[in-house]
Amino acid sequence: MKGFIFPCLLVVMSACGDRVNKDHKVPEEDMLHDSSLIVVADSSRIGITDSVAVVADTVHVDAARLIGKWIQPVAGLEKEMQGFQLRKNGTARSINMYTLIYEKWQVTHDTLLLWNHSEGVKDTSAMIDTIIIKELSDTSLVLFPVKAAEGYTERYRRSF
């Protein structure tokens with residue numbers, strides 16, 4: 001078998017020999033059709049930039065301002081309210097949402113993280129909701145869930 005491979009390699013190399021010039025450069029007509037010859041810059045040493053540094057209008061939220069109960073009307077049942085309570089010790093609780101159980105919360109820059117799980121439904125996996133805080137005042141909170149469609153927001157009001 002070894003005796004067969006060497007002659008085959010010679011045939012292949014000699015067949016390709018006329019396509020490569022003496023400087024070992026690929027002819028221009030081959031470069032037009034061979035995408036493997038495209039030069040790609042090495043990106044392995046490029047640093048990862050924190051998205052907060054890139055966005056000019058990033059809000060830095062004081063976590064203490066988020067502590068409390070935040071509610072909104074239930075869609076289709078405007079007299080009923082639902083929401084969440086954020087506590088000083090980092091725990092969270094859902095309000096009038098019996099299958100969605102909030103456990104804890106954390107805020108980083110303009111991002112609210114809410115750990116939760118579902119109860120009484122088939123999928124009981126734990127999740128972390130990642131939510132961008134768009135507006136925060138003493139009485140109102142506007143949030144953009146990162147999994148939501150562009151432009152979608154949720155509006156809450158503080159409950160005392």
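For a quick check: with amide H placed at 1.01 Å from N, whose amide H comes under 5 Å from M81's, ignoring anything fewer than 5 positions away on the same chain?
Residues meeting the amide H criterion: V74.
By how many nm would the segment from K122 to S137 grow when fully extended, if each residue of separation counts as 0.36 nm and the alpha-carbon distance is taken off? Before the final figure, lay out the partial values.
Values: separation 15, 0.36 × 15 = 5.40 nm, distance 3.73 nm.
Roughly 1.7 nm would be gained on extension.
How big, in percent, is the set of alpha carbon pairs in region 53-159 lying more than 21 Å apart? Show your work: numbers first, answer last.
Working: 1923 of 5671 pairs.
Beyond 21 Å sits 34 percent of the P(r) for region 53-159.
Summing +1 for each Lys or Arg and -1 for each Asp or Glu, what net charge is found among the other residues whose Cβ lies under 12 Å from the Cβ of Q72? Please report the intermediate quantities before stating the final value.
Numbers: positive: K69, R155, R157, R158; negative: E78, E80, E154.
The answer is +1.
Every number here is computed from the coordinates shown, using simple stated rules; none is lab data. What you are looking at is a predicted structure, and each value in this text was computed from that prediction instead of being measured. Backbone-built Cβ (ideal geometry, glycine too); neighbour counts: all protein chains shown.
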